[in-house]
Amino acid sequence: MKPVLPLIALACAALPSLASAVIVDGVLSPGEWVGARHVTEFTQVQPLTGEPGSLGTEAWIKATPNGLAVAFRNAQPAGVPRSQQRTRRDQMGQLDRINVMVDFDGDGRTGYDFVVSLPGGIADEVITSERNFNDDWDGHWHHATSQDDEAWYVEVLVPWHVAPMAKPENGTRTLGIYLDRVVAHTGERIAWPAASYQRPRFLSDFAPVEVPHYEQALLAVTPYVVAVNDRLTGDTDVDAGADLFWKPSGQFQLAATLNPDFGQVESDDLVVNFGAVESFFGDKRPFFTENQGLFDVPFGAGNSRLLYTRRIGAPADDGSGAGDVAAAVKLNGSLGQVRYGLLAATENGDAGRDFLALRATRDFGAHDLGGMLTRVDRPFLDRVATVYSTDHLWTPDAAWTIRSQVVASSVTQAGERRDDLGFQSRIDQALGNGWRQQLYLLHLGDGLELNDIGYVDRNDFNYVRYELARREDAPPEGSRYASYETRWAASVRRNDGGLAIAEAAAVQRYAELRDGGSEFWDLAGFTPGHDDRITRGNGVVRVPEKLYLFWERSRPQRGDWSLYGYARAAAEGLDGARGLGLELQFEPTLHLGDNLALQGAFGLQHQPDWLLWRGGNQLGSFRADTARIGANLQWQLGRRQELRVKFEAIALDARLRQAWRVAPDGEPVASTDPVPDFTLQNLGFQVRYRFEVAPLSDLYVVYGRGGLAVEDGSRPLAELLGDATSLRDAEQLLVKFSYRFTN
């Protein structure tokens with residue numbers, strides 16, 4: 001028997017090491033989470049009552065050499081239906097799911113959201129500016145789920161190489177962590193800590209969790225090859241390139257790309273835009289989404305930002321097609337408490353542009369400072385554009401959040417230089433008892449130019465907006481609302497010369513409903529003013545009052561159907577409020593099983609007074625009708641394959657009511673100029689098959705077809721829609737294969 005004793009002693013000595021290993025299989029095995037922080041203080045944050053969650057939820061947090069491990073046990077008895085619908089990456093919808101949100105530096109600058117649904121679907125997002133979520137980024141992390149009659153379980157392991165991190169002191173790291181689960185059937189969100197992205201402060205309210213400091217090095221190379229067959233010309237092009245990612249330590253990351261992949265595997269939604277403001281689209285190219293959070297610096301309203309990566313490889317300055325990106329490099333790292341980043345890209349050819357962006361931030365406790373520089377060299381236009389920015393975040397206490405930013409641009413073109421400034425400040429205060437207020441100030445100089453590498457919808461603009469909001473998280477028992485927030489706002493708009501664009505007042509409400517869905521409505525009125533953009537620099541137009549109403553409703557899956565729809569009424573033409581138009585959109589989804597869903601889209605819009613620029617100082621008022629139809633089939637063929645079929649068609653018929661010329665004083669004067677009626681047809685169709693060979697390694701086979709036709713005259717919408725399906729301006733078959741090699 002003596003030989004057995006050493007074996008027993010050896011096994012006992014090994015127990016701590018075995019217990020510390022986390023196997024990501026969705027099963028919380030005995031001993032696996034020994035030593036982890038056990039979180040049981042989950043409260044309800046949607047509605048934001050702060051009461052204990054209606055369903056028992058507990059989690060475990062554990063730092064391991066292989067990454068940050070988190071496990072959930074989500075009690076969900078048979079009386080609460082579970083959503084089993086499988087979805088493709090980043091397409092969650094109203095599903096039973098968990099969120100693991102981590103701020104690896106604990107400074108409230110950048111967070112990462114890792115989402116896992118009950119059947120194993122995933123999404124990942126980057127969080128910046130407290131509560132801005134961007135799902136363009138795809139990270140490499142591990143996850144698994146399981147379930148029994150009483151609960152469902154999740155295990156997540158996030159490698160330390162996912163994000164750049166500052167070097168900690170004393171061998172420990174303080175993370176900011178937020179955990180929650182969403183109950184699809186009721187729409188409840190149960191979280192720890194009691195933070196909410198519906199408040200001005202979210203990322204800063206994550207719970208500080210101290211863990212041992214671990215480092216992970218990573219070298220990953222992802223070569224790709226893509227073949228495109230043009231079905232119209234019969235030509236076939238084959239191209240190849242590679243992305244490289246190297247992280248020798250938590251304080252430094254290098255990403256590079258050679259001949260980056262621009263194969264069209266992600267199709268943008270069809271957009272009909274006759275306005276003066278450019279349409280905004282997200283970027284799904286892996287190199288430009290990897291560790292991009294540091295460069296995500298908003299400036300201005302809406303989607304406006306200092307770095308808009310779709311400028312890189314955008315249509316070339318000589319009109320020869322898309323810019324041919326030869327190479328790009330990105331650095332992220334930290335020196336002490338300073339975080340820094342560099343992004344550089346160059347395009348081939350005589351019209352090729354060179355892009356550069358530098359960014360640095362430093363946290364000083366209640367104060368957080370950042371700086372950014374961008375530069376674009378456009379030799380074909382003999383133009384060099386440089387932008388400088390300084391941003392400051394001040395959080396004197398838990399009630400106040402003050403963000404300020406100064407931006408300057410300097411553009412030299414054909415030997416002439418133009419400089420100007422911009423400024424914004426957003427002041428938020430929590431007043432208590434569900435009340436809060438915000439003051440937003442924005443100045444964009446007439447000569448401020450950011451769109452060489454950034455995105456801003458306009459310059460020459462001054463904007464002041466005050467908002468008062470009240471949140472109700474305990475409506476009466478019989479109310480259809482589970483919670484809601486009502487906002488009242490007033491705003492003033494002027495250009496840099498003092499011209500009154502409009503004053504506005506608005507009231508809106510966002511509500512969570514007891515059926516698990518949501519509802520939003522918005523009512524806004526604008527005073528008479530001026531439109532200084534519509535003629536593209538050919539005069540300012542006096543415009544009457546405007547009226548805007550919007551309502552939308554979503555309902556999660558009940559039986560085989562989930563529903564979404566909206567209604568919009570707007571009066572934006574020269575008839576003022578009398579010219580109210582109506583738009584209706586309905587998007588039902590039929591769930592044909594846990595792995596197969598078919599979404600339809602049906603839309604109609606009538607605009608009795610649609611004002612359009614027709615060149616020079618000429619305008620036209622049109623009576624326009626638009627129809628949209630679409631279908632999106634999503635089939636998850638197991639865990640590694642998916643098939644997507646997407647169809648969208650738009651038909652528009654616009655009949656002239658009156659032609660106008662803009663007088664020197666801005667008054668529209670009726671004219672007899674021959675302005676024709678016109679029609680538009682637009683088609684987008686794509687069939688995409690994806691096979692996941694390994695994490696972040698895929699085979700795509702994509703067939704796409706599309707077309708656009710704009711013609712003089714007027715035709716019935718049904719006829720236009722039917723003819724749209726025969727459009728064939730572009731048709732191609734694409735095969736792309738990429739494989740990620742890691743050390």
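The values are calculated or read from the model by the stated rules, or taken from the named source; none is laboratory data. These numbers were taken from a predicted model, which means no experiment stands behind them. Note: ideal-geometry Cβ built from the backbone for every residue, glycine included; neighbour counts use all protein chains shown. When the accessible area is computed, the model is the full protein with side chains, heavy atoms only, and any ligands, DNA or RNA have been set aside. Shrake-Rupley method; radii C 1.70, N 1.55, O 1.52, S 1.80 Å.
Projecting the Cα positions of Gly666, Ala314, Leu28 onto the charge dipole of the chain (unit charges on Cβ atoms of Lys, Arg, Asp and Glu, taken about the Cα centre) puts Leu28 furthest along the positive direction.
Counting only protein heavy atoms, what percent of the accessible surface of the range 194-353 is carbon or sulfur at a 1.4 Å probe?
About 55 percent, which is the carbon plus sulfur part of the accessible surface.
Reducing the range 640-687 and the range 196-251 to their Cα centroids gives an inter-centroid distance of 38 Å.
Each of Arg436, Arg640, Arg465 has its accessible area taken with a 1.4 Å probe; listed largest first, they run Arg640, Arg465, Arg436. Between Val221 and Leu582, the simple label model (points 7 Å from Cα in the Cβ direction) yields a spacing of 6.3 nm. Matching the structure-derived percent of Cα pairs over 39 Å apart against the labelled list [x] 62; [y] 32; [z] 41 gives the label [z].
Residues in the range 371-388 carry Karplus couplings, in order, of x, 8, 10, 10, 8, 10, 9, 10, x, 4, 9, 6, 9, 10, 10, 10, 10, 10 Hz; the curve used is 6.51 cos²θ - 1.76 cosθ + 1.60 with θ = phi - 60°, and Gly or Pro positions show x. Each residue of the range 127-136 was assigned a 3J(HN,Hα) from its phi angle through the Karplus expression (A = 6.51, B = -1.76, C = 1.60, θ = phi - 60°), giving 10, 9, 6, 6, 8, 9, 9, 10, 9, 5 Hz with x at Gly and Pro. Rolling a 1.4 Å probe over the protein heavy atoms of the range 400-500, with every protein chain left in place, gives an accessible area that is 52 percent carbon and sulfur. Taking all protein chains as shown and a probe of 1.4 angstrom, Trp192 keeps an accessible surface of around 20 Å². Per residue of the chain, the DSSP helices (runs of n ≥ 4 H) give a summed -39500 (n - 2.57) that works out to -1000 deg cm²/dmol at 222 nm. Electrostatic tally near Asn495: other residues with Cβ closer than 10 Å to its Cβ, Lys and Arg +1, Asp and Glu -1, net 0.
Every Cα-Cα pair in the range 611-743 was counted, and those over 20 Å apart are 62% of them.
With K and R counted +1 and D and E -1, the other residues having a Cβ less than 13 Å from that of Gly415 yield a net charge of +1.
Here's how it looks for Gln216: its modeled amide H is under 5 Å from those of Gly250, which are all 5 or more places away or on a different chain. Straight Cα distances below 17 angstrom link Lys646 to none of the lysines, with same-chain residues fewer than 8 positions distant left out. Taking each residue as 0.36 nm, the span from Ser249 to Ala301 lengthens on full extension beyond its C-alpha to C-alpha distance by 15.1 nm.
If R0 equals 56 Å, the separation of the Cβ atoms of Asp515 and Asp419 corresponds to a calculated FRET efficiency of about 0.50. Here Asp531 sits with roughly 40 square angstrom of accessible surface, probe radius 1.4 Å. Computed about its Cα centre, the charge dipole of the range 299-372 is approximately 400 debye, with only Lys, Arg, Asp and Glu carrying charge at their Cβ. For the range 76-172, the fraction of 1.4 Å probe accessible surface lying on carbon and sulfur atoms is 43 percent.
Is there a pair in Lys284/Lys736; Lys62/Lys167; Lys284/Lys546 whose C-alpha atoms are over 25 Å apart, and which pairs would that be? From the list (Lys284/Lys736; Lys62/Lys167; Lys284/Lys546), the Cα-Cα distance tops 25 Å for Lys284/Lys546. Within the assembled protein chains, the solvent-accessible surface assigned to Lys284 is about 80 Å², based on a 1.4 Å probe.
Taken along the Cα-to-beta-carbon direction at a fixed 7 Å, the label points for Asn229 and Asp560 span 3.7 nm.
Legend: residues Thr412, Thr43, sorted from most to least accessible area (1.4 Å probe; ligands, DNA and RNA excluded), read Thr412, Thr43. Dipole check for the range 554-680: with +1 at the C-beta of Lys and Arg, -1 at the C-beta of Asp and Glu, and the Cα centre as origin, the magnitude is about 440 Debye.
Surface exposure of the chain, expressed per residue as accessible area with a 1.4 Å probe, stands at 43 Å². Estimated from the Cβ-Cβ distance and a Förster radius of 41 angstrom, the FRET efficiency linking Lys167 and Leu431 is about 0.55.
Distance from the alpha carbon centroid of the range 532-581 to that of the range 336-391 works out to 36 angstrom. Rounded to 0.05, the FRET efficiency of the Tyr481 and Glu266 pair, given R0 = 41 Å and the Cβ-Cβ distance, is 0.65. Inter-part distance, the range 103-172 to the range 33-82, computed on C-alpha centroids, equals 15 Å. Close amide H contacts of Arg558 (hydrogens built in the peptide plane, cut-off under 5 Å, sequence separation of 5 or more or a different chain): none are found.
Distance between the 7 Å Cα→Cβ label points at Phe133 and Ala505: 3.4 nm. Using the Karplus relation 6.51 cos²θ - 1.76 cosθ + 1.60 with θ = phi - 60°, the per-residue 3J(HN,Hα) values for the range 114-123 come to 10, 10, 9, 8, 3, x, x, x, 9, 8 Hz, with x marking Gly and Pro.
When Leu232, Leu68 are compared by accessible surface with a 1.4 Å probe, the order from highest to lowest is Leu232, Leu68.
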